[in-house]
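Contents: one structure, followed by commentary.
Bear in mind these aren't lab numbers, they're just calculated from the coordinates by the rules spelled out. All values derive from a computational prediction rather than experimental measurement. Note that each Cβ is placed from the backbone with ideal geometry, even for glycine, and that neighbours are counted across all protein chains shown.
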Amino acid sequence: MRGPKRIAEGSVATFLFGCVAFSPPFLAIFGAEVFVFGLPLLYLYLFAVWGLIIVLVAWIADLGSASRPDQNDKPLTGRTR
Amino acid sequence: MSRKVLVVEDEANIVDSLSFLMKQAGFEVLVARDGDTAIRMMQRRPADLVLLDLMLPRRDGYEVCREIRSNPEWASVRIIMLTARGRDLDRRKGMQLGADAYITKPFSTRDIVARVQDMLSPER
Amino acid sequence: MLASWSILLVSLAYLCLLFAIAYYGDKRADAGRSIIANPYIYALSIAVYCTSWTFYGSVGRAASSGMDFLPIYIGPTLTFVLWGFLLRKIIRICKAHRITSIADFISSRYGKSAALGGLVTLIAVLGITPYIALQLKAVSTSFNVLVQYPDVVMPPISSNVPVLKDTAFLVALLMAAFAILFGTRHIDASEHHEGMVAAIAFESIVKLVAFLAVGVYVTFGLYGGFGDLFAAAARSPQITALFTSSDSGYGHWPTLILLSMAAIICLPRQFQVAVVENVNEDHLKKAVWLFPLYLLIINIFVLPIAIGGMLHFPDGTVDADTFVLTVPMAERREGLALFVFIGGLSAATGMVIVAAIALSTMICNDLIMPVLLRLNWRNLAEQGDLSGLLLSIRRGSIVTVLLLGYAYFRFIGESVALVTIGLVSFAAVAQFAPAMIGGMYWRGATRVGAILGLSLGFALWLYTLLLPLFALSGWLPIGFVEDGPFEIGLLRPYALFGLDGMDSLSHAMFWSLVANIGGYVLGSLMSRPGAIERIQGALFVDVSGRSGAFGGTNFWRGSATVADLKTLLARFIGARESDRVLGDYARSRDLNLDRLREADAALVSFVERLLAGAIGAASARVMVASVAKGEVVGIEEVMKILDETSQVIEYSHRLEQKSQELQNTTQELRAANERLKELDKMKDDFISTVSHELRTPLTSIRSFSEILTDNPALDTTERERFLTIIVKETERLTRLINEILDLAKMEAGRMDWHMIDIDPRVVIDDALAATSSLLTSRSISLKLEADPWLPHVYADRDRLMQVIVNLIANSVKFCDDANGEVSILAGQLGGRFYLGVLDNGPGVPLDDRQIIFEKFQESSEPLANLPRGTGLGLAISRQIVEHFGGRIWVEDAPGRGAAFSFTLPVSRAAAVAAPDMESQEAL
């Protein structure tokens, strides 16, 4: 039962992170007239946070399927000689 | 002619004491150590009264009692049952079989002598 | 030069390609080889979220308010983050109940309420109409702009053009035709449209590639990449303001994010593709990040294109909503412009087709059918094949929806930006969220609450968002917005109850959601749910597992004939389809439906669910009720099943265990009782026997004591003799009491044993010494034959001696009177210590050899003049020997008499020492 629980916890954490990262105060902070690599900071910030959330969702969704027992863990039964 | 008392008892010491008591009271005493002997002795020399222990080797007291009562010749024979078992059930069984009295061990010597004398008194 | 006919030709060719894909998809689905059964197609089909609004409108929005276009895509991303709680649960519920639309979902949750389904449908139709208008506007505008190629000229206002010459009207009819072709070719019990999904997925690719093509062209063709583009933009303070802190701030971002979060599941078309068309729950795991990724990619170039357009058309004569198209046109990129147009057409078509199909299903199942059934359901139920009627209703609904959209576009849409129109729709469907999500997690939510919440929310949406738009378009006096109705300031639709200073959307969302949630919660708390409501509530809240834990639960107590159900089903989904699904059902359950006359509750429920797929839950219920005798199971019973299903299972499991235990206990008790009775009887016998044994010596003691008292003149010898008897009997009595106590202790296990390693020889010698007086009192000879070396034993010395003394005393008592002989043999037997005591008495009859070791059981052979034993000696000896792990028995002695023998285990120390002793002896 570890898998589903971790998915739930991870999902909620990611969601809350998104809520905070896209909240007006943070947007105001990153709305400064600053350019990074020639890109506006706000533009960069929004897409970076968004991309991070997508990566997190992908990773969390994968937890469910990755929690299956590893095939390599089977004990070796063959004789060595 | 003195009356005869048959003591049927397997405990030697009790036989001793009963014999002493009956002789002292003026009765002729016969002794049997088991049920079979008791019946045989009755056939040979019928007694007037039988002091009958219930726990006997071979034939027990109830059988002896039944045997005596089943023979009309011995209709007048008195039977006093002596037993170390004090249960009502045993007493009732004994009375049903035709015993005249039922005395529980350990008995009072005066009481038993009085009972025997009473039963064998000529007035009755 | 792009002639209108060539654009039309390309457009038609493209639409035909879509149809071909859909047709192929349906064919493959019929053949059982689905082409959409993978997470990528699923994710792409969800991307139907991106419409003309995204394709054209986002750039327009970006050109006017910078990054404000973005929250509409962040919201769905956040909803998908919570997929495990929302989307997956919705999908499971829908699969378990064969739910076909959001109206069906809400109606089904609140007791299959037809009123609620109708209300949701009504809100959806009114809410989506502007959204469809948006698509029509985008397609017609883009067409009219493209036709002017190579000039960039904004098209005339539609309302000045006759309807039949209006491009938008033609687009509406064309799209209606396609929606009918895609979605209503036949009635399917499962309500899946695999072909449509395939076509939508294809469209999603086309619009993405087209939009990226423009983006790449603007960024890398017109400018030297992002840096160059933004550097150019930075030179214009007006443009720079777009992506830095704006005056408006970000206060409306939460509103937009919240709206779009709700929209991604509440929009009828999103519900259709993400939930109803989902073929495998596992696809969700990939789609939850693929779809947001799609949104991210399509949005990367929105700002660059907006900047490019603004730099290109600095005078503001060109509508920013057309930048995607007009920038390539101005640069004379004919092919790219045409491709963009196709991309935009793709985005619009996809939305319109799915929305129209979803809405038509809702209108048919949740609005028209319940009304028809209510008006004359018996008559309707008795009619023949109804699948044709259903299809007609759906086709009519599609046309109606598109015409409504066109009407909205023609009367209002011209004056409003694309995104504003879209947001009005979002705000309408967001009203579904409380009833929907609340219904999935709150059992206590009721139909009354849902209706109240939805009605209030919808009314406020109408008042604060839609009516002002009518006013702004001139269809209502503008004073309605500025001064409030009847000049009541407090009722101004953009500043209701004096709530001023918010943007109109946030304002509307605030009031409508407050009213909606408030009405929903209060209404639910104030009302009692009906039977089916409580059942459905429990089913929705507790849905779990892939197949749905309650998938097989049914609530029909009565039954219907199989024939009736068959006919009913055939009417709605066609005879062939109904034969097929019923056949599958029968095979899976090993039933022969031809022979079965009465359908059981499970089959009735199965048919109801099938029908629900075709005509909605509320109507299906009515139809099934018309042929099924009996009623729904009583509320108490059902709630017992549902509220406590898990507890009941658990409880009955425990009960079963308990009753098993109880049975065992009863059995044990009975056995114990038997044993107790037996013990009681034994105790009774024992007491009776003990009493007898005690009374016997007491009798002698009392008699002789009385004789001595009454006869003081007895001679001395006599006197001596009687006193001796009294003493002996007293000793016997004491011995008896001791032995009874010993035995009782041993039997109760309370005896103190002092177990040590013992040389038995010593014990035998002690025993002989103790019994010597017995031997001398009678002329009995005693022989001891012992091995020179005896194995040691592990025992209690005193008790072992007691055994030997008992056996010797026993033998002495029974040996030949005149010529008594007792011999003791000691040695080893089978690796154990052996001791035998032999006499030359009468022996023990075979029958008595067992019971002689019981309490108070002496051999029945009379031994006239011998002192009686206590009758406990052998019983005690047996107890002791057995406690030492040995065995005691009696057999015939060689020649004549009895042989009492016992063996004891050899002590371990002795076993080790033995070889040494043997070798010493050998020396």
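Of the DSSP H helices in chain C, those that are both long (alpha-carbon extent of 24 Å or more along the helix axis) and hydrophobic (Kyte-Doolittle mean at least 0.0) are C:4-30, C:114-147, C:194-216, C:283-300, C:334-362, C:387-411, C:504-526, C:760-777, C:797-814.
When only Cα pairs below 8 angstrom with a gap of at least 6 residues are kept, region A:2-66 shows a relative contact order of 46 percent. Of the DSSP beta bridges with both residues in the protein assembly as shown, give the percent that are antiparallel, rounding to the nearest 5. Counting only bridges with both partners in the protein assembly as shown, antiparallel ones make up about 55 percent.
What does the C-alpha gyration tensor say about the overall shape of region C:734-813? Classify as rounded when a/c is under 1.5, otherwise prolate if a/b is larger than b/c, or oblate. Verdict is oblate for region C:734-813.
Computed across region C:268-317, the Kirkwood radius stands at 13.7 Å (inverse of mean 1/r, all Cα pairs).
Extension gain, C:E882-C:R580: 0.36 nm per intervening residue step, less the Cα-Cα distance, totals 100.7 nm. Spin-label model, C:T561/C:Q663: points 7 Å from Cα along the beta carbon direction are separated by 4.4 nm.
Considering helices alone, the calculated mean residue ellipticity of chain C at 222 nm is -21000 deg cm²/dmol, with DSSP H runs of length four and up weighted by -39500 (n - 2.57) and normalised per residue. The ranking of C:T567, C:T141 from fewest to most other beta carbons within 10 Å of each one's beta carbon is C:T567, C:T141.
Modelled spin labels at C:A407 and A:F17, positioned 7 Å past Cα toward Cβ, are 4.9 nm from each other. Each peptide among C:53-63, C:212-222 gets the average number of other Cβ atoms lying within 10 Å of its residues, and from highest to lowest they stand as C:53-63, C:212-222. Residues in region B:17-37 near a label at B:R66, defined as backbone nitrogen under 16 Å from the 7 Å Cα→Cβ point? The answer is B:35-36, whose backbone nitrogens lie closer than 16 Å to the label point. Between C:S473 and C:D500, what's the calculated FRET efficiency when r is the beta-carbon distance and R0 is 30 Å? Round to 0.05. Using R0 = 30 Å, I get an efficiency of 0.85. Give the shape of chain B as rounded, prolate or oblate, defined through the alpha-carbon gyration tensor: a ≥ b ≥ c are the square roots of its eigenvalues, a/c under 1.5 means rounded, and otherwise the shape is prolate if a/b is larger than b/c and oblate if not. It is rounded, given that a/c, with a ≥ b ≥ c, falls under 1.5.
The packing ranking of peptides B:67-77, B:41-51, C:344-354, highest mean first, is C:344-354, B:41-51, B:67-77, where packing means the average number of other beta carbon atoms within 10 angstrom of each residue.
Of the residues C:T361, B:T104, C:T776, the one with the fewest other Cβ atoms within 10 Å heads the list, and the complete ranking is C:T776, B:T104, C:T361. For a paramagnetic label modelled at 7 Å from the Cα of C:L525 toward its Cβ, which residues of region C:420-445 fall within the zone defined by backbone nitrogen distances under 13 Å? Flagged as within label range: C:445.
For the peptides C:515-523, C:723-731, residues were scored by their other Cβ atoms within 10 Å and the scores averaged per peptide; the highest-first order is C:515-523, C:723-731. Taking amide H as placed 1.01 Å from N in the peptide plane, the amide H of B:I79 sits under 5 Å from that of B:V50, B:D100, B:A101, each at least 5 places away or on another chain.
When you work out D = kT/(6 pi eta Rh) for region C:68-200 at 25 °C and 0.890 mPa s, using the Kirkwood radius from C-alpha pairs as Rh and the Stokes-Einstein form, the result is 132 µm²/s.
One way to sum up the overall shape of the protein assembly as shown is the equivalent ellipsoid from its Cα gyration tensor, whose semi-axes run 116, 36, 27 Å, largest first. What you get for chain C, charging only the Cβ of Lys and Arg (+1) and of Asp and Glu (-1), is a dipole of about 4100 debye around the Cα centre.
In this simple spin-label approximation, C:H754 and C:R721 carry label points 7 Å from Cα along the Cα→Cβ vector, and these lie 4.3 nm apart. In a Debye calculation with equal point scatterers on the alpha-carbon sites of region C:2-44 and no solvent, what is log10 I(q)/I(0) at q = 0.22, 0.27 Å⁻¹? Reported log10 I(q)/I(0), two decimals: -0.75, -0.89. The share of C-alpha pairs in region A:2-66 whose separation exceeds 14 Å stands at 62 percent. About its Cα centre, the protein assembly as shown has a charge dipole of approximately 2780 debye under the convention of +1 per Lys or Arg Cβ and -1 per Asp or Glu Cβ, with nothing else charged. Taking a label point 7 Å from the Cα of C:L741 along the Cα→Cβ vector, which residues of region C:779-801 have an amide N closer than 18 Å to it? Those under the cut-off are C:798-799. Diagonalising the gyration tensor over the Cα atoms of region C:693-793 and scaling each eigenvalue by 5 before taking the square root yields semi-axes of 38, 22, 8 Å, largest first. Extension gain for the segment C:D594 to C:D766, taken as residue separation times 0.36 nm less the Cα-Cα distance, is 52.1 nm to one decimal. Remark: relative contact order (chain C) = 14 percent; criterion is Cα-Cα distance under 8 angstrom and separation of 6 or more residues. Among the residues of B:49-62, the average count of other protein chain beta-carbon atoms within 10 Å of the residue beta-carbon is 1.
Averaged over peptide B:12-21, the number of partner chain Cβ atoms lying within 10 Å of each residue's Cβ comes to 6. Averaged over peptide A:38-45, the number of partner chain Cβ atoms lying within 10 Å of each residue's Cβ comes to 6. All Cα-Cα distances of chain C, cut into 20 Å bins from zero to the largest, leave 12, 30, 15, 6, 12, 15, 8, 1, 0 percent in each bin in turn. Available extension along the chain between C:R675 and C:D228 is 150.6 nm, counting 0.36 nm per residue and deducting the alpha carbon span.
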